[in-house]
Amino acid sequence: MPLPCSIELDSPGLGWSTLAPCRTLERMYVSEVGDSGSSAYERLIGADRVSGRLYTDPAVFERELERIHHRGWMFVGHESEVAAPGEFVTRRLGRQPVLLTRDDTGAVRLWSNRCPHRGATVCALDRGQTRFFRCPYHAWTFDNAGALVALPGEEGFGPTFDRATHGLAPVPRMDTYRGFVFGSWSHEGQTLAEHLGSARDLIDRVCDVSPVGEISLRAGWLRHRIGANWKMAAENVCDFYHPPITHASSGLMGGVPPDYFSDAYGGVTRDLGGGHGEVDYRQTQGGPRTGLGPHGFIFPNLFIEASSIFVIHPVNVAEMTHLQTPITWVGLPEKMQRPQSRRFATAFGAAGVIEPDDAATWERMQLGLQAGEPEWVVLERGVQFDHTREGRPLDEIVMRGFWRHYRSLMTDEAAAK
(Lines give C-alpha, C1' and ligand atoms only; values in the text may rest on other atoms or scores of the structure.)
Protein backbone atom coordinates (compact mmCIF):
# COMPACT_ATOMS: atom_id res chain seq x y z
CA MET A 1 0.00 0.00 0.00
CA PRO A 2 1.35 3.48 -0.80
CA LEU A 3 2.16 5.67 2.16
CA PRO A 4 -0.35 8.50 2.82
CA CYS A 5 2.18 11.12 1.75
CA SER A 6 3.35 9.38 -1.38
CA ILE A 7 1.97 9.10 -4.89
CA GLU A 8 2.53 6.28 -7.31
CA LEU A 9 3.87 7.71 -10.54
CA ASP A 10 3.81 5.90 -13.85
CA SER A 11 4.64 8.13 -16.79
CA PRO A 12 6.30 6.55 -19.84
CA GLY A 13 7.15 10.00 -21.13
CA LEU A 14 9.22 10.76 -18.05
CA GLY A 15 10.46 7.22 -17.53
CA TRP A 16 9.06 6.93 -14.00
CA SER A 17 7.41 3.93 -12.43
CA THR A 18 8.09 4.18 -8.75
CA LEU A 19 6.74 5.24 -5.41
CA ALA A 20 8.00 8.77 -4.88
CA PRO A 21 7.79 11.15 -1.92
CA CYS A 22 5.32 13.93 -2.75
CA ARG A 23 7.82 16.66 -1.99
CA THR A 24 10.36 15.59 -4.62
CA LEU A 25 9.39 13.70 -7.76
CA GLU A 26 5.72 14.56 -7.44
CA ARG A 27 6.54 18.27 -7.37
CA MET A 28 8.50 17.85 -10.60
CA TYR A 29 5.64 15.85 -12.06
CA VAL A 30 3.08 18.58 -11.41
CA SER A 31 5.37 21.23 -12.87
CA GLU A 32 5.85 19.10 -15.96
CA VAL A 33 2.13 18.53 -16.43
CA GLY A 34 0.84 21.91 -15.35
CA ASP A 35 0.42 22.93 -18.97
CA SER A 36 0.78 19.63 -20.83
CA GLY A 37 -2.60 17.95 -20.33
CA SER A 38 -1.60 15.14 -17.96
CA SER A 39 -4.15 13.44 -15.73
CA ALA A 40 -1.99 14.18 -12.67
CA TYR A 41 -4.81 16.31 -11.25
CA GLU A 42 -6.82 13.15 -10.68
CA ARG A 43 -4.00 11.95 -8.42
CA LEU A 44 -3.68 15.28 -6.62
CA ILE A 45 -7.38 15.74 -5.79
CA GLY A 46 -8.88 13.03 -3.63
CA ALA A 47 -12.35 12.52 -2.25
CA ASP A 48 -11.51 14.23 1.04
CA ARG A 49 -8.11 15.91 0.55
CA VAL A 50 -6.05 17.80 -2.02
CA SER A 51 -2.35 18.26 -2.61
CA GLY A 52 -0.81 21.43 -1.22
CA ARG A 53 1.00 21.81 -4.56
CA LEU A 54 -2.25 23.00 -6.11
CA TYR A 55 -1.84 26.25 -4.14
CA THR A 56 1.89 26.79 -4.74
CA ASP A 57 2.95 25.50 -8.18
CA PRO A 58 3.17 28.27 -10.83
CA ALA A 59 2.52 25.76 -13.62
CA VAL A 60 -0.77 24.78 -11.99
CA PHE A 61 -1.73 28.46 -11.78
CA GLU A 62 -1.05 29.05 -15.47
CA ARG A 63 -3.21 26.06 -16.36
CA GLU A 64 -5.99 27.44 -14.15
CA LEU A 65 -5.91 30.72 -16.04
CA GLU A 66 -6.40 28.88 -19.32
CA ARG A 67 -8.91 26.25 -18.22
CA ILE A 68 -10.97 28.20 -15.67
CA HIS A 69 -10.50 31.96 -15.82
CA HIS A 70 -10.27 32.30 -19.60
CA ARG A 71 -12.43 29.47 -20.96
CA GLY A 72 -15.21 29.70 -18.39
CA TRP A 73 -17.61 32.40 -17.20
CA MET A 74 -16.47 34.92 -14.59
CA PHE A 75 -18.40 37.64 -12.81
CA VAL A 76 -17.32 41.08 -14.04
CA GLY A 77 -19.70 43.64 -12.58
CA HIS A 78 -23.29 44.79 -12.31
CA GLU A 79 -25.44 46.75 -14.75
CA SER A 80 -26.22 49.29 -12.01
CA GLU A 81 -22.55 50.34 -12.02
CA VAL A 82 -23.02 51.66 -15.55
CA ALA A 83 -26.58 52.89 -15.15
CA ALA A 84 -26.36 55.93 -17.46
CA PRO A 85 -25.02 56.23 -21.03
CA GLY A 86 -21.28 56.86 -20.99
CA GLU A 87 -20.67 55.33 -17.56
CA PHE A 88 -17.86 52.79 -17.29
CA VAL A 89 -15.92 50.67 -14.81
CA THR A 90 -12.59 48.90 -15.31
CA ARG A 91 -12.17 45.33 -14.11
CA ARG A 92 -10.19 42.17 -14.81
CA LEU A 93 -11.32 39.00 -16.51
CA GLY A 94 -8.75 36.49 -15.37
CA ARG A 95 -5.56 38.53 -15.48
CA GLN A 96 -6.63 40.62 -18.46
CA PRO A 97 -7.99 44.17 -18.08
CA VAL A 98 -11.51 44.82 -19.36
CA LEU A 99 -13.80 47.81 -19.72
CA LEU A 100 -17.51 47.56 -18.87
CA THR A 101 -19.47 50.41 -20.48
CA ARG A 102 -22.94 51.59 -21.36
CA ASP A 103 -22.90 53.20 -24.78
CA ASP A 104 -24.97 56.14 -26.00
CA THR A 105 -27.76 53.81 -27.12
CA GLY A 106 -28.07 52.35 -23.62
CA ALA A 107 -26.48 48.97 -24.44
CA VAL A 108 -24.10 47.41 -21.91
CA ARG A 109 -20.82 46.34 -23.52
CA LEU A 110 -17.65 44.58 -22.40
CA TRP A 111 -14.34 45.40 -24.09
CA SER A 112 -10.73 44.40 -23.80
CA ASN A 113 -9.09 47.41 -22.13
CA ARG A 114 -6.28 47.38 -24.68
CA CYS A 115 -5.52 49.70 -27.56
CA PRO A 116 -5.44 47.69 -30.82
CA HIS A 117 -2.49 49.80 -31.99
CA ARG A 118 0.36 49.11 -29.53
CA GLY A 119 -1.40 47.47 -26.60
CA ALA A 120 -1.61 50.17 -23.91
CA THR A 121 -4.68 50.20 -21.68
CA VAL A 122 -7.02 52.90 -22.95
CA CYS A 123 -8.55 53.64 -19.54
CA ALA A 124 -6.76 53.79 -16.18
CA LEU A 125 -9.63 55.06 -14.01
CA ASP A 126 -11.69 52.72 -11.83
CA ARG A 127 -14.94 54.28 -13.00
CA GLY A 128 -16.38 57.40 -14.57
CA GLN A 129 -18.54 58.73 -17.38
CA THR A 130 -17.36 59.72 -20.84
CA ARG A 131 -18.24 59.56 -24.50
CA PHE A 132 -14.67 58.78 -25.57
CA PHE A 133 -11.61 56.78 -24.48
CA ARG A 134 -8.24 58.10 -25.61
CA CYS A 135 -5.11 55.96 -25.57
CA PRO A 136 -2.29 57.82 -23.75
CA TYR A 137 0.39 56.53 -26.13
CA HIS A 138 -0.61 57.75 -29.62
CA ALA A 139 -4.03 59.31 -28.93
CA TRP A 140 -6.11 56.74 -30.78
CA THR A 141 -9.61 57.63 -29.63
CA PHE A 142 -12.62 55.32 -29.29
CA ASP A 143 -16.27 56.07 -28.57
CA ASN A 144 -18.15 54.24 -25.83
CA ALA A 145 -19.42 51.77 -28.43
CA GLY A 146 -15.80 50.74 -29.08
CA ALA A 147 -15.39 52.33 -32.52
CA LEU A 148 -12.14 54.06 -33.49
CA VAL A 149 -13.25 57.64 -34.20
CA ALA A 150 -9.98 59.59 -34.39
CA LEU A 151 -6.21 59.17 -34.62
CA PRO A 152 -3.43 61.62 -35.42
CA GLY A 153 -1.77 61.39 -38.83
CA GLU A 154 -4.27 58.93 -40.23
CA GLU A 155 -3.12 59.65 -43.78
CA GLY A 156 0.26 58.13 -42.94
CA PHE A 157 -1.31 54.67 -42.61
CA GLY A 158 -2.06 54.51 -46.32
CA PRO A 159 -5.22 54.12 -48.42
CA THR A 160 -6.08 50.61 -47.18
CA PHE A 161 -6.31 51.60 -43.51
CA ASP A 162 -9.86 51.03 -42.23
CA ARG A 163 -10.98 52.49 -38.91
CA ALA A 164 -13.82 49.98 -38.77
CA THR A 165 -11.38 47.09 -38.27
CA HIS A 166 -9.34 48.85 -35.57
CA GLY A 167 -11.88 49.40 -32.81
CA LEU A 168 -11.71 48.05 -29.27
CA ALA A 169 -11.93 44.26 -29.19
CA PRO A 170 -15.11 42.97 -27.55
CA VAL A 171 -14.80 40.20 -24.99
CA PRO A 172 -15.92 37.16 -27.04
CA ARG A 173 -18.88 36.36 -24.81
CA MET A 174 -20.82 38.53 -22.38
CA ASP A 175 -24.16 37.72 -20.78
CA THR A 176 -26.21 38.93 -17.83
CA TYR A 177 -28.61 37.51 -15.29
CA ARG A 178 -30.75 39.92 -13.26
CA GLY A 179 -28.17 42.65 -13.70
CA PHE A 180 -25.11 40.51 -12.87
CA VAL A 181 -22.66 40.72 -15.78
CA PHE A 182 -20.44 37.77 -16.69
CA GLY A 183 -17.78 37.43 -19.38
CA SER A 184 -15.69 34.72 -21.02
CA TRP A 185 -12.64 34.87 -23.28
CA SER A 186 -13.76 31.67 -25.00
CA HIS A 187 -15.78 31.91 -28.21
CA GLU A 188 -17.63 28.71 -27.37
CA GLY A 189 -18.62 26.61 -24.40
CA GLN A 190 -21.42 26.50 -21.86
CA THR A 191 -24.08 29.18 -21.94
CA LEU A 192 -24.28 31.38 -18.86
CA ALA A 193 -27.52 29.65 -17.87
CA GLU A 194 -25.77 26.28 -18.04
CA HIS A 195 -22.83 27.60 -16.03
CA LEU A 196 -25.01 29.04 -13.28
CA GLY A 197 -27.31 26.03 -13.03
CA SER A 198 -29.04 25.89 -9.66
CA ALA A 199 -26.81 28.74 -8.40
CA ARG A 200 -29.18 31.13 -10.17
CA ASP A 201 -31.26 30.77 -7.02
CA LEU A 202 -28.55 32.63 -5.08
CA ILE A 203 -28.90 35.63 -7.40
CA ASP A 204 -32.70 35.41 -7.32
CA ARG A 205 -32.77 35.42 -3.53
CA VAL A 206 -30.44 38.39 -3.12
CA CYS A 207 -32.41 40.41 -5.69
CA ASP A 208 -35.78 39.46 -4.23
CA VAL A 209 -34.96 41.05 -0.87
CA SER A 210 -35.82 44.25 -2.76
CA PRO A 211 -39.56 44.93 -3.10
CA VAL A 212 -38.97 45.56 -6.82
CA GLY A 213 -36.48 42.71 -7.32
CA GLU A 214 -33.44 44.89 -8.03
CA ILE A 215 -30.13 45.63 -6.36
CA SER A 216 -27.60 48.40 -6.91
CA LEU A 217 -23.81 48.21 -6.54
CA ARG A 218 -22.81 51.87 -6.76
CA ALA A 219 -21.18 52.38 -3.36
CA GLY A 220 -17.67 51.70 -4.67
CA TRP A 221 -15.32 48.78 -4.10
CA LEU A 222 -12.71 48.12 -1.44
CA ARG A 223 -9.65 46.33 -2.81
CA HIS A 224 -7.34 44.17 -0.73
CA ARG A 225 -4.11 42.74 -2.18
CA ILE A 226 -3.50 39.49 -0.31
CA GLY A 227 -0.42 37.26 -0.48
CA ALA A 228 -2.29 33.99 -0.92
CA ASN A 229 -3.62 31.73 -3.67
CA TRP A 230 -7.08 32.67 -4.98
CA LYS A 231 -8.57 29.27 -4.11
CA MET A 232 -8.15 29.96 -0.39
CA ALA A 233 -10.70 32.77 -0.64
CA ALA A 234 -13.02 30.57 -2.72
CA GLU A 235 -12.89 27.77 -0.13
CA ASN A 236 -13.34 30.18 2.77
CA VAL A 237 -16.72 31.41 1.53
CA CYS A 238 -18.68 28.44 2.87
CA ASP A 239 -16.27 27.42 5.64
CA PHE A 240 -18.33 27.99 8.79
CA TYR A 241 -15.90 25.84 10.77
CA HIS A 242 -13.40 28.71 11.15
CA PRO A 243 -15.44 31.75 12.34
CA PRO A 244 -15.69 30.75 16.04
CA ILE A 245 -11.89 30.69 16.16
CA THR A 246 -10.59 33.07 13.49
CA HIS A 247 -13.29 35.68 14.12
CA ALA A 248 -13.84 35.09 17.85
CA SER A 249 -13.27 38.71 18.89
CA SER A 250 -15.00 40.05 15.78
CA GLY A 251 -18.09 37.96 16.42
CA LEU A 252 -18.37 39.16 19.99
CA MET A 253 -18.09 42.76 18.83
CA GLY A 254 -20.84 42.17 16.29
CA GLY A 255 -23.23 40.67 18.81
CA VAL A 256 -23.30 37.22 17.18
CA PRO A 257 -24.86 34.57 19.47
CA PRO A 258 -22.20 32.24 20.96
CA ASP A 259 -23.66 29.17 19.23
CA TYR A 260 -24.35 30.86 15.88
CA PHE A 261 -21.47 29.09 14.14
CA SER A 262 -22.31 25.58 15.28
CA ASP A 263 -24.07 22.53 13.90
CA ALA A 264 -26.61 22.81 16.72
CA TYR A 265 -27.78 26.27 15.60
CA GLY A 266 -29.33 24.80 12.47
CA GLY A 267 -29.02 25.50 8.79
CA VAL A 268 -27.57 23.49 5.92
CA THR A 269 -24.39 23.56 3.86
CA ARG A 270 -25.16 22.62 0.27
CA ASP A 271 -23.14 21.63 -2.81
CA LEU A 272 -25.03 23.18 -5.75
CA GLY A 273 -22.93 21.49 -8.43
CA GLY A 274 -20.64 23.18 -10.95
CA GLY A 275 -18.32 24.36 -8.17
CA HIS A 276 -21.09 26.49 -6.61
CA GLY A 277 -22.33 26.16 -3.03
CA GLU A 278 -23.99 27.83 -0.07
CA VAL A 279 -24.56 27.81 3.65
CA ASP A 280 -28.32 28.15 3.99
CA TYR A 281 -29.48 29.68 7.28
CA ARG A 282 -33.09 30.26 6.30
CA GLN A 283 -34.20 27.69 8.87
CA THR A 284 -32.46 27.71 12.25
CA GLN A 285 -33.30 26.91 15.85
CA GLY A 286 -34.45 30.51 16.19
CA GLY A 287 -36.87 30.18 13.28
CA PRO A 288 -36.61 31.50 9.71
CA ARG A 289 -33.84 34.02 9.05
CA THR A 290 -35.24 36.83 6.92
CA GLY A 291 -34.22 40.24 5.62
CA LEU A 292 -30.84 39.22 4.21
CA GLY A 293 -29.59 37.70 1.01
CA PRO A 294 -28.01 34.23 0.77
CA HIS A 295 -24.51 33.19 1.78
CA GLY A 296 -23.19 31.46 -1.31
CA PHE A 297 -20.40 31.09 -3.85
CA ILE A 298 -20.72 31.15 -7.65
CA PHE A 299 -17.70 29.51 -9.26
CA PRO A 300 -15.03 30.70 -9.75
CA ASN A 301 -14.96 34.24 -8.34
CA LEU A 302 -18.28 35.56 -6.97
CA PHE A 303 -19.34 35.49 -3.31
CA ILE A 304 -22.78 36.77 -2.26
CA GLU A 305 -22.51 37.41 1.47
CA ALA A 306 -25.97 38.31 2.81
CA SER A 307 -25.67 42.09 2.34
CA SER A 308 -22.48 42.45 0.31
CA ILE A 309 -20.70 41.20 -2.80
CA PHE A 310 -17.14 39.86 -2.95
CA VAL A 311 -15.05 39.21 -6.06
CA ILE A 312 -11.81 37.22 -6.30
CA HIS A 313 -9.18 38.18 -8.90
CA PRO A 314 -6.12 35.92 -9.29
CA VAL A 315 -2.82 37.79 -9.64
CA ASN A 316 -0.25 34.99 -9.46
CA VAL A 317 0.09 31.65 -7.73
CA ALA A 318 0.63 33.31 -4.35
CA GLU A 319 -1.36 36.53 -4.68
CA MET A 320 -4.93 37.67 -5.26
CA THR A 321 -7.01 40.82 -5.18
CA HIS A 322 -10.14 40.62 -3.02
CA LEU A 323 -12.88 43.17 -3.78
CA GLN A 324 -15.93 43.98 -1.65
CA THR A 325 -18.93 46.27 -1.95
CA PRO A 326 -22.18 46.63 0.02
CA ILE A 327 -25.53 45.86 -1.60
CA THR A 328 -28.22 48.52 -1.89
CA TRP A 329 -31.69 47.05 -2.38
CA VAL A 330 -33.77 49.25 -4.66
CA GLY A 331 -37.00 50.35 -2.97
CA LEU A 332 -36.04 49.03 0.48
CA PRO A 333 -36.93 51.52 3.25
CA GLU A 334 -33.93 53.35 4.65
CA LYS A 335 -34.57 52.03 8.17
CA MET A 336 -34.09 48.50 6.81
CA GLN A 337 -31.13 49.34 4.55
CA ARG A 338 -29.10 51.32 7.09
CA PRO A 339 -28.31 48.41 9.48
CA GLN A 340 -26.95 46.36 6.58
CA SER A 341 -24.74 49.21 5.40
CA ARG A 342 -23.45 49.60 8.95
CA ARG A 343 -22.83 45.86 9.15
CA PHE A 344 -20.70 45.99 6.00
CA ALA A 345 -18.64 48.91 7.32
CA THR A 346 -18.03 47.16 10.65
CA ALA A 347 -17.09 43.81 9.15
CA PHE A 348 -15.44 44.60 5.82
CA GLY A 349 -14.94 48.37 5.56
CA ALA A 350 -11.61 50.19 5.67
CA ALA A 351 -11.52 49.64 9.44
CA GLY A 352 -13.48 46.37 9.34
CA VAL A 353 -12.73 43.51 11.70
CA ILE A 354 -13.44 40.44 9.52
CA GLU A 355 -11.33 40.88 6.38
CA PRO A 356 -8.01 41.33 8.25
CA ASP A 357 -8.65 38.07 10.13
CA ASP A 358 -9.17 36.13 6.91
CA ALA A 359 -6.35 37.79 4.98
CA ALA A 360 -3.81 37.10 7.72
CA THR A 361 -4.93 33.46 7.94
CA TRP A 362 -4.73 32.90 4.18
CA GLU A 363 -1.22 34.34 4.09
CA ARG A 364 -0.19 32.02 6.92
CA MET A 365 -1.65 29.10 4.95
CA GLN A 366 0.31 30.12 1.86
CA LEU A 367 3.51 30.29 3.89
CA GLY A 368 2.85 26.95 5.56
CA LEU A 369 2.14 25.17 2.29
CA GLN A 370 5.54 26.21 0.95
CA ALA A 371 6.99 23.60 3.31
CA GLY A 372 5.70 20.80 1.10
CA GLU A 373 5.26 18.30 3.95
CA PRO A 374 2.82 17.00 4.98
CA GLU A 375 1.52 16.90 1.44
CA TRP A 376 -2.23 16.88 1.96
CA VAL A 377 -4.78 19.56 2.83
CA VAL A 378 -7.54 17.66 4.62
CA LEU A 379 -11.25 18.29 3.88
CA GLU A 380 -12.90 15.44 5.77
CA ARG A 381 -15.59 17.10 7.89
CA GLY A 382 -19.04 15.78 6.97
CA VAL A 383 -17.76 13.50 4.22
CA GLN A 384 -20.45 10.97 5.18
CA PHE A 385 -23.08 13.37 3.76
CA ASP A 386 -21.51 13.80 0.31
CA HIS A 387 -23.98 11.43 -1.35
CA THR A 388 -26.80 13.85 -0.46
CA ARG A 389 -24.81 17.04 -1.27
CA GLU A 390 -26.17 18.53 1.95
CA GLY A 391 -24.68 18.58 5.42
CA ARG A 392 -24.42 20.48 8.67
CA PRO A 393 -23.38 24.17 8.62
CA LEU A 394 -19.78 23.45 9.66
CA ASP A 395 -19.22 20.58 7.20
CA GLU A 396 -16.78 20.91 4.28
CA ILE A 397 -19.23 19.70 1.63
CA VAL A 398 -19.04 22.85 -0.51
CA MET A 399 -15.24 22.71 -0.60
CA ARG A 400 -15.26 19.11 -1.78
CA GLY A 401 -17.80 20.05 -4.46
CA PHE A 402 -15.53 22.92 -5.53
CA TRP A 403 -12.60 20.54 -5.95
CA ARG A 404 -14.60 17.94 -7.87
CA HIS A 405 -15.59 20.58 -10.40
CA TYR A 406 -12.07 22.01 -10.47
CA ARG A 407 -10.67 18.56 -11.25
CA SER A 408 -13.09 18.10 -14.14
CA LEU A 409 -11.96 21.41 -15.68
CA MET A 410 -8.25 20.77 -15.23
CA THR A 411 -8.13 17.31 -16.82
CA ASP A 412 -7.87 16.33 -20.47
CA GLU A 413 -11.44 15.05 -20.41
CA ALA A 414 -12.71 18.59 -19.83
CA ALA A 415 -10.56 19.89 -22.68
CA ALA A 416 -11.97 17.30 -25.06
CA LYS A 417 -15.49 18.50 -24.32
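Structural remarks
- Among the residues of this structure, Gly331 does not count as one that is in contact with a strand residue (DSSP E or B) (Cβ under 9 Å, 6 or more places away or on another chain), more than 30 Å from Pro58 (Cα to Cα) and either free of Cβ contacts under 8 Å to residues at least 12 places away in the same chain or not aromatic (Phe, Trp, Tyr) (or both).
- For Ser186, the test of being surrounded by 12 or more Cβ atoms within 10 Å (Cβ to Cβ), in a loop (DSSP other than H, G, I, E, B), in contact (Cβ under 8 Å) with a residue 40 or more places away in the chain and within 18 Å of the chain's Cα centre (by Cα) is passed.
- For region 208-251, filtering for residues that are under 30 Å from Val378 (Cα atoms) and not in a loop (DSSP other than H, G, I, E, B) leaves 19.
- Filter pass, Gly179 being surrounded by fewer than 17 Cβ atoms within 10 Å (Cβ to Cβ), farther than 22 Å from Tyr55 by Cα and either of a type outside the set (Lys, Arg) or not assigned by TED's automatic domain parsing to the domain that holds Gly331 (or both): no
- Only one of the numbered conditions (1) buried (at least 19 other Cβ atoms within 10 Å of the Cβ); (2) touching a helix residue (DSSP H, G or I) at 6+ places or on another chain (Cβ under 7 Å); (3) among the hydroxyl-bearing types (Ser, Thr, Tyr) is not met by Thr361, and that is (1).
Okay, residues lined up against (1) buried (at least 19 other Cβ atoms within 10 Å of the Cβ); (2) modelled with pLDDT of 90 or more:
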| site | (1), (2) |
| --- | --- |
| Val256 | no, no |
| Arg282 | no, no |
| Gly291 | no, no |
| Pro300 | yes, yes |
| Glu319 | no, yes |
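- Strands (runs of 3 or more DSSP E) lying entirely in region 97-142 (those with 1 or more residues that are at pLDDT 95 or above and closer than 22 Å to Arg173 by Cβ): 108-112, 132-134
- Filtered residue count, region 381-411, keeping only those that are of a type in the set (Val, Ile, Thr), assigned to a helix (DSSP H, G or I) and either surrounded by 22 or more Cβ atoms within 10 Å (Cβ to Cβ) or free of Cβ contacts under 8 Å to residues at least 12 places away in the same chain (or both): 2
- Extreme residue, surrounded by the fewest Cβ atoms within 10 Å (Cβ to Cβ), among residues of region 343-353 that are free of Cβ contacts under 8 Å to residues at least 40 places away in the same chain and farther than 13 Å from Thr328 by Cβ: Ala351
- Thr328 β-branched (Val, Ile, Thr), over 22 Å from the mean Cα position of the chain (by Cα), outside the structural domain of Ala83 (by TED's automatic domain parsing) and surrounded by fewer than 20 Cβ atoms within 10 Å (Cβ to Cβ): no
- Of the residues examined, Leu367 is one that is over 20 Å from the mean Cα position of the chain (by Cα), under 16 Å from Asn229 (Cβ atoms), assigned by TED's automatic domain parsing to the domain that holds Gly267 and without any contact (Cβ under 8 Å) to a residue 60 or more places away in the chain.
- Residue in region 365-372 that is touching a helix residue (DSSP H, G or I) at 6+ places or on another chain (Cβ under 6 Å), surrounded by 15 or more Cβ atoms within 10 Å (Cβ to Cβ) and farther than 28 Å from Asp263 by Cα present: yes
The values are calculated or read from the model by the stated rules, or taken from the named source; none is laboratory data. A quick note: this is a predicted structure, and the numbers were derived from the prediction, not measured. Methodologically, a virtual Cβ is constructed for each residue, glycine included, from the backbone with ideal geometry; neighbour enumeration extends over all protein chains shown.
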